[in-house]
Amino acid sequence: MKLIFLGPPGAGKGTQAKRIEQVHNLVQLSTGDMLRAAIASGSDVGKQAKEVMDGGNLVSDDIVVGIVAERLKDDDLENGFILDGFPRTVGQAKSLDKMLSDRSEALDAVVSIDVDDELLVERITGRYTCAKCGKGYHDMFERPETEGVCDRCGSTAFSRRADDNAETVRERLKAYHAETAPLLPYYAEKGILKTIDGMTEIEQVTGQIDEVLNGIN
Ligand code: AP5
Ligand code: MG
């Protein structure tokens, strides 16, 4: 299966991609994670991306499409993938269409996780991850079983993203509405858009996505 998880910042794209990839044997491809890895490595792409991301704006289509094109060449994607946070502009969507058609492949579904703006700031400013294994948590909605200890790997080191502050979130939301929301009619016209309610509990959102995916198989 080849899927896109679409939604505003904090909608739950990453949380759900990590849950769904395990059950359906898919690979999560997050352009945000790839760009953060580029920043951490100190590469030229990372240097260009850092300032843009810290301001809550979108990195250029050329850079992001280049990163995805390289990743799609890897041989761990035979069973399919979940694109998390890509495409984010109509230009990126058209580039993806071309990349897939060149490989005689097509998207199975675009899952749009629908969440009102007011909820998103609260979700993002409460988010943190395990610094060792990357498992995601939230100050209110997803706490570790033992406070300060990662459920998955036992590490006691956690980190928060540089762009997870209220001011930057507002810029990211503006970018979403201006540049990414037009992808909803783009994929609706292709007949592959599936919209789900992202304002329920994490488990229930996963259940809705499962239902969509079971309908595809
Ligand atoms: P990216 O890393 O993709 O960030 P984003 O789109 O802003 O989305 P987030 O990762 O913030 O949210 P999410 O939907 O994954 O939510 P999560 O599951 O973590 O991109 C970062 C930046 O990189 C962009 O701003 C841009 O600059 C650049 N970039 C990336 N891709 C690009 C592209 N294609 N083109 C150009 N630039 C690009 O959930 C959030 C929190 O809420 C978590 O703590 C979670 O535990 C909690 N939570 C999740 N679901 C629920 C629920 N149902 N109920 C309660 N809490 C929940
Ligand atoms: Mg994410």
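For residue 93, work out the one condition from (1) touching a helix residue (DSSP H, G or I) at 6+ places or on another chain (Cβ under 6 Å); (2) closer than 30 Å to residue 215 by Cα; (3) within 15 Å of ligand 2 (Cβ to nearest atom); (4) aliphatic (A, V, I, L, M) it doesn't fulfil.
(3)
Got a number for residues in the range 25-50 being closer than 16 Å to residue 111 by Cα and either over 17 Å from the mean Cα position of the chain (by Cα) or small (Gly, Ala, Ser) (or both)?
Residues flagged as closer than 16 Å to residue 111 by Cα and either over 17 Å from the mean Cα position of the chain (by Cα) or small (Gly, Ala, Ser) (or both) within the range 25-50 amount to 1.
For the range 1-21, how many residues meet the condition of being more than 14 Å from ligand 1 (Cβ to nearest atom) and in a loop (DSSP other than H, G, I, E, B)?
Qualifying residue count, the range 1-21: 1.
Residue by residue through the range 22-42, note down the ones that are part of a helix (DSSP H, G or I), within 13 Å of ligand 2 (Cβ to nearest atom) and surrounded by 16 or more Cβ atoms within 10 Å (Cβ to Cβ).
Within the range 22-42, 31, 32, 34, 35, 36 qualify.
Looking only at the range 9-50, which residues are touching a residue at least 40 places away in the same chain (Cβ under 8 Å) and of a type in the set (S, T, N, Q)?
Correct list: 15, 16, 25, 28, 30, 31.
Being touching a helix residue (DSSP H, G or I) at 6+ places or on another chain (Cβ under 9 Å) and either of a type in the set (Asp, Glu) or within 25 Å of residue 168 (Cα to Cα) (or both) is the filter here; which residues of the range 14-30 pass it?
14, 15, 16, 28, 29, 30
Would you say residue 45 is aliphatic (A, V, I, L, M), more than 21 Å from residue 8 (Cα to Cα) and surrounded by 17 or more Cβ atoms within 10 Å (Cβ to Cβ)?
Answer is yes for this residue.
Give the residue, chosen from 58, 72, 77, that is within 10 Å of ligand 1 (Cβ to nearest atom) and either at pLDDT below 95 or under 18 Å from the mean Cα position of the chain (by Cα) (or both).
When all the criteria are applied, what remains is 58.
Go through the range 43-68 and give me each residue that's under 19 Å from residue 91 (Cα atoms), more than 16 Å from ligand 2 (Cβ to nearest atom) and not in a helix (DSSP H, G or I).
57, 60
The values are calculated or read from the model by the stated rules, or taken from the named source; none is laboratory data. Values in this document were obtained by computation on a predicted structure and should not be read as measured data. For neighbour counting, all protein chains shown are included, and Cβ atoms are generated from backbone atoms with ideal geometry for every residue, glycine included.
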